[in-house]
Amino acid sequence: MDWTTLDINTPAERDAVCLALFHAGYTVWQRRRKDGNKTVIYVKYGRNGNA
C-alpha cells in the first residue's frame, strides 16, 4: 500500500478530511511528528490494492 500524507493545521479540517477519505474507502491515520520544538499532526492515507 502506498501512503500519501497531508499537512492540515486545524483539527476540524483534519477530522473532515479523514472522514471523507474513510467513506471513500481509504485507510486513514492521524499521526504526529516533531518539527523542531513543535509537534505537527498530519493525515496519512492509502488504499489497499484489493479494494
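Which ones in region 32-51 are exposed (fewer than 11 other Cβ atoms within 10 Å of the Cβ), in contact (Cβ under 8 Å) with a residue 24 or more places away in the chain and of a type outside the set (G, A, S)? Selection gives N48 alone.
Scoring D15 on the criteria (1) open to solvent by 100 Å² or more (accessible area, probe 1.4 Å); (2) free of Cβ contacts under 8 Å to residues at least 24 places away in the same chain; (3) among the charged types (D, E, K, R) leaves a single failure, condition (1).
What residue, among those in region 15-41 that are hydroxyl-bearing (S, T, Y) and assigned to a strand (DSSP E or B), is farthest from T4 (Cα to Cα)? Among those that are hydroxyl-bearing (S, T, Y) and assigned to a strand (DSSP E or B), it is T39.
When residues in region 9-29 are screened for being among the polar types (S, T, N, Q) and closer than 9 Å to Y45 by Cα, 1 of them pass.
The values are calculated or read from the model by the stated rules, or taken from the named source; none is laboratory data. Being a predicted model, the structure only gives us computed values, none of them experimental. Positions of Cβ are backbone-derived with ideal geometry, glycine not excepted, and every protein chain shown enters the neighbour counts. Note: accessible area is taken over every heavy atom of the protein model, side chains too, but ligands, DNA and RNA are not part of it. Shrake-Rupley method; radii C 1.70, N 1.55, O 1.52, S 1.80 Å.
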